[in-house]
Amino acid sequence: MSSKNRRKRKGEFFSDRFWESDNYNFRSYHKNLDLLLSLAINRFRWVNLPETCDARYLEKVLHRNGIATLSFKRDEPTRIFTTLQAMPNGVYNMYGLPTEWRAVGYDGLTDYEVNYSNGELCYYAYSRVCPWNALEIYARKMTHYERTEDVNLSQQMTPFIGIAPQEKRIELVNLLKQVQGGEPAILGDEGLSKLVDNVKTLDIGVPLITEELARSHQNVLNQALLYLGIPHLAFEKGERMIEDEARANTAPTNIMLLDCLQARREFCEKVNRKFNLDIQVYFNEDLESYNYNYTNNIEQMAQDKVILSSDGTLDVSLIGGVSNGE
């Protein structure tokens, strides 16, 4: 690759220049979309999925398509369960549910027919919606506020418009590049005097509004978190909220999360009953770290009156000040 092409490729993917704003807008949008998708697919923890199934891919398919399938090929002697994309064949029952579909893998090679005898459908939410459209909208709105903030900051760096004859344009551009890059802007006496005599400036007087933009950006993020059912601080309040206010504030978030969890639990019940499995799904919490931190926190264990038995295991016979013998 030539040095010219290397410079072009480097600028195309890694440089933030005003003449590459389209590419930077594209990368900023996908940064926000990746953020929301990462938050979304890590909300749930799948337990006891067959080893041939991929929980990460299952969640990505649910968020991208709104529907996925756990199934196996009917013509194989052993059941090899897979969690793949579900492509309905267009035949629906009276409740609007597909009766036949195809299980399609990411590689494009895995593709087989499925019905309720060798598979089950998993929906993103009990309301049967697909979240991808909402994630794209929230990512786009967040990007608008971020890029507007970038423009507002750049206008603080050069709060004027330079007006010069066409023959002085290159000199003015080079001078502004040096100033914006923090370099000493030095011209010879003759060049500087000619530039000063021929250049005028127009003060645009743009105020700094980054604080307002940051609040608006946070509001959009809060809307996305509400849609995903992720707890967040919906608004600021100077005084302490009472319990009823706090419960009312978190109710919509809890309902949106339960909308997704209920669909997954219903799916688990059906496949467990049909295929004699034991798949479970829960809210995703870092219980391992919590348990480790708690069992290694002697002060907290003493406050909870948890003691160690003679064999070194936890003895919870004394909790909350009441023993088994009392």
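Some points to look at:
Per-residue answers, yes or no, for (1) under 16 Å from residue 125 (Cβ atoms); (2) of a type outside the set (Ser, Thr, Tyr); (3) outside the structural domain of residue 277 (by TED's automatic domain parsing):
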residue: 23; (1), (2), (3): no, yes, no
residue: 32; (1), (2), (3): no, yes, no
residue: 41; (1), (2), (3): yes, yes, no
residue: 49; (1), (2), (3): no, yes, no
residue: 67; (1), (2), (3): yes, yes, no
residue: 71; (1), (2), (3): no, no, no
residue: 74; (1), (2), (3): no, yes, no
residue: 79; (1), (2), (3): no, yes, no
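- Among the residues of region 143-151, not a single one is acidic (Asp, Glu) and farther than 30 Å from residue 33 by Cα.
- For region 96-118, taking the residues that are small (Gly, Ala, Ser) and within 15 Å of residue 85 (Cβ to Cβ), the one that is modelled with the lowest pLDDT is identified as 108.
- Test: residue in region 47-54 that is among the charged types (D, E, K, R), in contact with an Asp or Glu (Cβ under 9 Å, 6 or more places away or on another chain) and either touching a residue at least 12 places away in the same chain (Cβ under 8 Å) or in a strand (DSSP E or B) (or both): no
- Test: residue 143 is of a type in the set (Val, Ile, Thr), touching a Gly at 6+ places or on another chain (Cβ under 8 Å), buried (at least 20 other Cβ atoms within 10 Å of the Cβ) and modelled with pLDDT of 95 or more: no
- Residue pairs meeting the criteria (Cβ under 7 Å; at least 6 apart or on separate chains; first closer than 22 Å to residue 264 by Cα, in region 60-79; second of a type in the set (Val, Ile, Thr) and part of a loop (DSSP other than H, G, I, E, B)): 66/129; 72/80
- Some residue of region 139-161 being free of Cβ contacts under 8 Å to residues at least 40 places away in the same chain and outside any helix (DSSP H, G or I): yes
- Among the criteria (1) in the same structural domain as residue 257 (by TED's automatic domain parsing); (2) among the basic types (Lys, Arg); (3) at negative phi, the one residue 128 does not fulfil is (3).
- If you go through region 110-138 and keep only what is surrounded by 18 or more Cβ atoms within 10 Å (Cβ to Cβ) and free of Cβ contacts under 8 Å to residues at least 60 places away in the same chain, you end up with 112, 114, 118, 119.
The values are calculated or read from the model by the stated rules, or taken from the named source; none is laboratory data. This structure is a prediction, so every number in the text was calculated from the model and none was measured. Every residue, glycine among them, receives a Cβ derived from its backbone with ideal geometry; neighbour counts consider all protein chains shown.
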